[in-house]
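Here is the structure we will look at, set down as structure tokens.
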Amino acid sequence: MKTLAAFVMRGRSLAALVAAGAAVLFWLFPPVLIVSGATVALVTLRRGAVEGAGIMALGGVGAVVLSGLALGTPWPMLEVLPACWLPVWLLALVLRATVSLSRTLQAAALLGLLGVIGFYLALGDPAVWWGAVLGQWELRLTALAAAERATLEALLALLKAWAPYLPGQAVGAILLFVLGGLLLGRWQQALLFNPGGFQQEFHELRLGRPLATLTLALFGAALLSGWPPLANALLVLGLLYTVQGMALAHAVALKRRLSPAWLALFYLLLLVPLLSQWVMAMGVADAWADFRNRVRPKLSPR
């Protein structure tokens with residue numbers, strides 16, 4: 001990864017090439033989009049807003065052309081890149097100005113909440129909009145065999161039940177790519193110019209009590225009212241507190257000198273919904289409990 005970061009920093013054309021290539025590979029393996037975001041973040045963090053914008057422009061043109069050749073149309077890429085690269089660029093500028101990962105993720109929370117609001121303003125009731133989309137699929141079910149039709153009808157019913165929470169899920173998915181790109185770019189910057197700096201910065205990540213209080217208030221209001229917009233806002237904030245929970249786990253593992261296998265197991269367990277919610281809850285509780293300072297470091301054997 002250090003070699004890739006050094007390659008990116010050798011020039012604008014090379015950085016744009018990496019960003020464009022990783023963006024196009026998104027259609028084969030979606031997580032690769034994080035690498036393209038990390039390229040934008042790394043250049044912006046090191047060289048500023050103008051250079052970062054230049055990489056987005058050059059890389060975006062390259063990605064659109066390559067996507068048009070591969071898919072026959074450039075439009076899907078024109079929808080993906082602005083949604084993922086622009087937030088990464090903005091957050092990289094915040095991180096460059098504040099030199100604070102905590103404040104940058106607070107800014108990410110604001111962007112996420114604005115994204116949920118924008119979803120409602122642009123599309124209205126997500127259940128109605130999503131129902132219209134699914135209705136087009138239902139028209140095609142009549143041509144299928146009975147067994148296949150029954151299976152797809154059950155799937156469509158599940159998707160309809162999920163529709164009210166589409167804004168939070170969609171914004172959360174985009175935010176996941178954005179934060180992945182930002183953190184990867186920051187790590188690459190540290191590898192090149194400040195070895196070990198990212199570890200300390202990530203381990204000290206705290207989103208603060210005001211945001212934790214807002215998250216708990218939204219949680220209580222969503223439970224009492226059952227109003228989907230509150231639940232969608234909570235989904236976005238929950239993702240950020242899951243990141244804080246991950247930072248907490250890394251900090252504790254370092255203090256207790258745990259094997260890397262424990263962290264590998266931790267990330268596997270994050271795939272289990274109930275356990276990932278527990279990590280999010282630990283991230284929120286850390287605002288008051290300060291678990292990092294409560295854990296005693298393991299002494300080295302003499």
Tally, over the range 57-74, of residues that are touching a residue at least 12 places away in the same chain (Cβ under 8 Å) and open to solvent by less than 40 Å² (accessible area, probe 1.4 Å): 6
Some residue of the range 88-104 being closer than 21 Å to Q244 by Cα, polar (S, T, N, Q) and in contact with an Asp or Glu (Cβ under 8 Å, 6 or more places away or on another chain): yes
Residue in the range 119-140 that is under 21 Å from the mean Cα position of the chain (by Cα) and modelled with pLDDT of 75 or more present: yes
Identity of the residue in the range 92-107, within 14 Å of the chain's Cα centre (by Cα) and more than 12 Å from L183 (Cα to Cα), that ends up most open to solvent (accessible area, probe 1.4 Å): Q106
Breaking point among (1) farther than 14 Å from G185 by Cα; (2) open to solvent by less than 10 Å² (accessible area, probe 1.4 Å), for G54: (2)
Restricting the range 193-203 to residues that are open to solvent by less than 50 Å² (accessible area, probe 1.4 Å) and in contact (Cβ under 8 Å) with a residue 60 or more places away in the chain, the residue that is nearest to L248 (Cα to Cα): H203
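To keep it simple, each residue is scored yes or no on (1) in a helix (DSSP H, G or I); (2) touching a Ser or Thr at 6+ places or on another chain (Cβ under 8 Å); (3) modelled with pLDDT of 95 or more; (4) farther than 17 Å from G208 by Cα.
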{"site": "V61", "(1), (2), (3), (4)": "yes, no, no, yes"}
{"site": "V64", "(1), (2), (3), (4)": "yes, no, no, yes"}
{"site": "A70", "(1), (2), (3), (4)": "yes, no, no, yes"}
{"site": "P87", "(1), (2), (3), (4)": "yes, no, yes, yes"}
{"site": "A107", "(1), (2), (3), (4)": "yes, no, yes, no"}
{"site": "L110", "(1), (2), (3), (4)": "yes, no, yes, no"}
Test: A49 is of a type outside the set (S, T, Y) and within 27 Å of L207 (Cα to Cα): yes
Residue within the range 166-175 that is at pLDDT 95 or above, within 19 Å of L93 (Cβ to Cβ) and open to solvent by 70 Å² or more (accessible area, probe 1.4 Å) present: no
Which numbered condition V40 misses (of (1) under 20 Å from the mean Cα position of the chain (by Cα); (2) open to solvent by 10 Å² or more (accessible area, probe 1.4 Å); (3) of a type outside the set (S, T, N, Q)): (2)
Selected residue [out of contact with any strand residue (DSSP E or B) (no Cβ under 7 Å at 6 or more places or on another chain), open to solvent by 40 Å² or more (accessible area, probe 1.4 Å), closer than 16 Å to L81 by Cα and among the aromatic types (F, W, Y)] from F7, F29: F29
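The values are calculated or read from the model by the stated rules, or taken from the named source; none is laboratory data. The structure presented is a predicted model; accordingly, all values stated were derived computationally and were not measured. Neighbour counts run over all protein chains shown; Cβ positions are idealised from the backbone, glycine included. Please note that ligands, DNA and RNA were not included when accessible areas were found on the heavy atoms of the full protein model with its side chains. Shrake-Rupley method; radii C 1.70, N 1.55, O 1.52, S 1.80 Å.
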